[in-house]
C-alpha cells in the first residue's frame, strides 16, 4: 500500500514539475507585492529565471523568456541576445507596445567600449516587459519560448507584480 501511494505522489510531482517547466508561471508562491522591498534582481539566462532578492534571500522567482538567440552576451544592435552584466532599473514605460516595461540601463560604459572596439552599435532599449499588446488571451505562443529582440519577458500578471515591487534604481545582474 505504501509503495502504491509513493508512486502516486511521485507521479503527481513529476506532472506538476513538467507543467511548471512548460508554462511561464511564478516558481514561488505569489504573495502581495505591496510594501515588498526588493534589494536587487538576478536574471539567470541558462535557467530562464528572474529572482527578486531582499536581504540576500530570494523572495520570488519567475520563469522568463529571453531574446530569440538567448545564449551569449549581447554584442551589437539586432543580434537578438539578452545582455549580460550589471545594470540598474532606470525607468518605466506604462504605454509600451508590450504590457508595461521596466527599462534596464544597458549599455553600460563597458558595453559601449566593447562595441566601439568592434566597430558596432551596442543597441539599447533593453526592458523587462509583459506580452505584446497584440497578444490575445493568455499569450499562448509566447509563454515558454524565447521570442524577444533581447529583452526579458514575463506574463502580464507577473510584470504587474514586478512593477509594484521593483523601484527605479534597483540593481539588476544578468548572468549567463
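Bear in mind these aren't lab numbers, they're just calculated from the coordinates by the rules spelled out. Fair warning: this is a prediction, and the values are worked out from it, not measured in the lab. All Cβ positions, glycine included, derive from the backbone under ideal geometry; neighbour counts span all protein chains shown.
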| said: Above 14 Å lies some portion of the pair distances; for region 34-93, what is it as a whole percent of all C-alpha pairs? | reply: 63
| task | Could you please rank 48, 69, 129, placing first whichever residue has the fewest other Cβ atoms within 10 Å of its Cβ? | result | 69, 48, 129
| query | What's the long-distance tail for region 25-175, i.e. % of Cα pairs beyond 21 Å? | reply | 40
| request: Order by neighbour count: 89, 75, fewest other Cβ atoms within 10 Å first, most last. | output: 75, 89
| said: Please rank 98, 142, 106, fewest neighbouring Cβ atoms within 10 Å first, as an exposure proxy. | reply: 142, 98, 106
| query | How many nm separate the modelled label positions at residue 136 and residue 69, each set 7 Å beyond the Cα in the direction of the Cβ? | reply | 3.2
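Report relative contact order for region 25-175 in percent, whole number only (criteria: Cα-Cα under 8 Å, sequence separation at least 6). Can you show the working numbers first?
Numbers: 342 pairs, mean separation 48.6, N = 151.
So the answer I get is 32 percent.
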| query | Given 0.36 nm per residue, what is the gain on full extension from residue 97 to residue 157 after removing their alpha carbon distance, in nm? | reply | 20.0 nm
